[in-house]
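Structure, as structure tokens:
The values are calculated or read from the model by the stated rules, or taken from the named source; none is laboratory data. Owing to the predicted nature of the structure, the values given are computational and were not obtained by experimental measurement. Positions of Cβ are generated from backbone atoms using ideal geometry, with glycine treated the same way; all protein chains shown enter the neighbour counts.
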Amino acid sequence: MSCWAVVPLKARRLGKMRLAGMLDEAARAGLVQTMLDTVLSALADAQEIDHVAIVSSEPERIPAGVLALPDLGQGLNPALSAAADRLRDHGASSLLVIHADLPLVRASEIDRFVRAGRRQGLALASDRHGTGTNALFIADRLDFPFRFGTNSLSHHLAEARIRRITPALPALNGLAIDIDTPADLACLLPAAGVSLKPSRWSLTPCTTSPCTTSL
Ligand SMILES: Nc1nc2c(ncn2[C@@H]2O[C@H](COP(=O)(O)OP(=O)(O)OP(=O)(O)O)[C@@H](O)[C@H]2O)c(=O)[nH]1
Ligand SMILES: O=C(O)[C@H](O)COP(=O)(O)O
């Protein structure tokens, strides 16, 4: 029995569309890859994670050592439910769903999140706005319904209430800061001298930004 992490990854040409006004497809793909690499590296270093899978309709994007799980195009929640079913067959006893767009996440935060989830049965990582869910950990039973999408945090909290679970909601910056909009990017990129070329992505927190200092 083991703990699996599942990273959903949208099809390349559809990814990060909210940034389409400022980044072309190649730049968006480069950004997505940079953030995915960060998430995968943190998962590899996390003590609480035994195996990693990526749910994607593009198996050629899955690196060695990561299990490729299919996305049949029905949407994020059905793809994740199918992934949970498959991983149960692989012996998964607990599951971390973590988004691919978390450029600051660290292994130590993943470990803290998973441990908090083990204590409560469920952990939810809110985005910095308090509306989205950037990560979700389910202990023991893998049948918690996924409600990712608009206002997903309140939907996940409602599902927890129905099941009489009090989820852990640890405040961890690396799990809260996802990159969806130009404003999110502005929070991360130093104000001056940044080249938005896909090969040059270098995502470091901008310490002078009010977005990060208010966290
Ligand atoms: N496999 C899969 N992953 C998805 C799907 N939708 C979103 N994701 C992933 O879920 C996480 C959160 O995605 P979103 O912020 O909703 O979408 P995005 O592509 O990152 O950004 P937008 O296109 O601007 O909405 C990211 O890791 C996405 O790659 C889907 O339909 N299938
Ligand atoms: O559940 C969510 O919050 C959705 O997947 C949207 O995620 P986002 O905050 O990356 O748009």
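For the reader, a short list of remarks on this structure follows.
- Residue match in the stretch 26-36 (condition: more than 28 Å from R88 (Cα to Cα), of a type in the set (A, V, I, L, M, F, W, C), surrounded by 15 or more Cβ atoms within 10 Å (Cβ to Cβ) and more than 16 Å from ligand 2 (Cβ to nearest atom)): yes
- Filter pass, R161 being more than 9 Å from ligand 2 (Cβ to nearest atom), surrounded by fewer than 14 Cβ atoms within 10 Å (Cβ to Cβ) and modelled with pLDDT of 95 or more: yes
- Check on F146, in a loop (DSSP other than H, G, I, E, B) and not hydroxyl-bearing (S, T, Y): yes
- Within the stretch 37-56, tally of residues that are within 18 Å of A92 (Cα to Cα), out of contact with any helix residue (DSSP H, G or I) (no Cβ under 6 Å at 6 or more places or on another chain) and not acidic (D, E): 5
- G130 being of a type in the set (G, A, S), at positive phi, surrounded by fewer than 19 Cβ atoms within 10 Å (Cβ to Cβ) and in contact (Cβ under 8 Å) with a residue 40 or more places away in the chain: no
- Q74 vs. criteria surrounded by fewer than 16 Cβ atoms within 10 Å (Cβ to Cβ), in contact (Cβ under 8 Å) with a residue 60 or more places away in the chain, of a type in the set (S, T, N, Q) and in a loop (DSSP other than H, G, I, E, B): no
- Among the numbered conditions (1) at pLDDT 95 or above; (2) in contact with a helix residue (DSSP H, G or I) (Cβ under 7 Å, 6 or more places away or on another chain), the only one that H99 does not meet is (2).
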